[in-house]
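Chemist: Before we start, here is the structure in question, set down as structure tokens.
The values are calculated or read from the model by the stated rules, or taken from the named source; none is laboratory data. Bear in mind the structure is a predicted one, so any value in this text is a computation, not a measurement. Cβ coordinates were reconstructed from backbone atoms using ideal geometry, including for glycine residues, and neighbour counts include every protein chain displayed. Please note that ligands, DNA and RNA were not included when accessible areas were found on the heavy atoms of the full protein model with its side chains. Shrake-Rupley method; radii C 1.70, N 1.55, O 1.52, S 1.80 Å.
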Amino acid sequence: MCVIQPDQRFAIVSSRNENSFTVPNFDPSNSTQIVSDPLINFRIDDAGGLTSVQEVAAGGKYPRQFSLNKAGTLVAVGLQNDNRVALIKRDPQSGKLGGFVGYTELGGQITSVIFNE
């Protein structure tokens, strides 16, 4: 999956089934770490070339689909194999992803997330 920021300066790509990160459990009463696949950020240059900006935890396994809000300040990540949607802070100027600002656990596998703005 790949999402390109509306101004075409940054691209975010997911990598599935890599399990390269762990993050604290979203449930504060549970100390078990969550295994997470990455989201990978790229800067797009004027010629269409890509430069890696960062690699961050998606918030769980198999980031099936994700989307940006209109302002580009949030990324919602649908984590198919964890039945979760994670909400990640984003700086539209630098393209960098920050920490988790919210989540929800849902029944069934998540295959898409869309902001309704």
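Chemist: Has the range 35-48 got any residue that is among the hydroxyl-bearing types (Ser, Thr, Tyr) and part of a loop (DSSP other than H, G, I, E, B)?
Modeler: For the range 35-48, residues among the hydroxyl-bearing types (Ser, Thr, Tyr) and part of a loop (DSSP other than H, G, I, E, B): absent.
This table checks each residue for (1) of a type outside the set (Phe, Trp, Tyr); (2) open to solvent by 30 Å² or more (accessible area, probe 1.4 Å); (3) within 16 Å of Gln65 (Cα to Cα); (4) out of contact with any Cys (no Cβ under 6 Å at 6 or more places or on another chain).
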position: Val3; (1), (2), (3), (4): yes, no, yes, yes
position: Pro6; (1), (2), (3), (4): yes, yes, no, yes
position: Phe10; (1), (2), (3), (4): no, no, no, yes
position: Arg16; (1), (2), (3), (4): yes, yes, yes, yes
position: Ser20; (1), (2), (3), (4): yes, yes, no, yes
position: Phe26; (1), (2), (3), (4): no, yes, no, yes
position: Asn30; (1), (2), (3), (4): yes, yes, no, yes
position: Gln33; (1), (2), (3), (4): yes, yes, no, yes
position: Ser36; (1), (2), (3), (4): yes, no, yes, yes
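Chemist: Okay, next question. Assess whether Glu117 counts as being of a type outside the set (S, T, N, Q), out of contact with any strand residue (DSSP E or B) (no Cβ under 8 Å at 6 or more places or on another chain) and in a loop (DSSP other than H, G, I, E, B). Break it down stepwise before answering.
Modeler: Numbers: of a type outside the set (S, T, N, Q): yes; out of contact with any strand residue (DSSP E or B) (no Cβ under 8 Å at 6 or more places or on another chain): yes; in a loop (DSSP other than H, G, I, E, B): yes.
The answer is yes for Glu117.
Chemist: Given the condition charged (D, E, K, R), part of a loop (DSSP other than H, G, I, E, B) and more than 14 Å from the chain's Cα centre (by Cα), answer yes or no: does some residue in the range 7-14 qualify?
Modeler: Within the range 7-14, one or more residues are charged (D, E, K, R), part of a loop (DSSP other than H, G, I, E, B) and more than 14 Å from the chain's Cα centre (by Cα).
Chemist: Can I ask one more? Quick one: in the range 53-76, of everything that is of a type in the set (Ser, Thr, Tyr) and outside any strand (DSSP E or B), which residue is nearest to Phe42 (Cα to Cα)?
Modeler: Ranking the qualifying residues of the range 53-76, first place goes to Thr73.
Chemist: Then there's this: Is it true that Ala86 is of a type outside the set (Lys, Arg) and assigned to a strand (DSSP E or B)? First the steps, then the outcome.
Modeler: On the way: of a type outside the set (Lys, Arg): yes; assigned to a strand (DSSP E or B): yes.
Yes: the conditions hold for Ala86.
Chemist: For the range 38-60, what are the residues that are crowded, with 20+ Cβ neighbours inside 10 Å and of a type in the set (S, T, N, Q)?
Modeler: Asn41
Chemist: Can you find even one residue in the range 91-111 that is assigned to a loop (DSSP other than H, G, I, E, B), out of contact with any Gly (no Cβ under 6 Å at 6 or more places or on another chain), surrounded by fewer than 13 Cβ atoms within 10 Å (Cβ to Cβ) and of a type in the set (Lys, Arg)?
Modeler: The answer is no, given that none of the residues of the range 91-111 is assigned to a loop (DSSP other than H, G, I, E, B), out of contact with any Gly (no Cβ under 6 Å at 6 or more places or on another chain), surrounded by fewer than 13 Cβ atoms within 10 Å (Cβ to Cβ) and of a type in the set (Lys, Arg).
Chemist: Regarding Pro63, is this residue open to solvent by less than 20 Å² (accessible area, probe 1.4 Å), farther than 20 Å from Asp7 by Cα and touching a residue at least 60 places away in the same chain (Cβ under 8 Å)? Lay out the reasoning, then the answer.
Modeler: Details: open to solvent by less than 20 Å² (accessible area, probe 1.4 Å): yes; farther than 20 Å from Asp7 by Cα: yes; touching a residue at least 60 places away in the same chain (Cβ under 8 Å): yes.
When the stated conditions are applied, Pro63 passes them.
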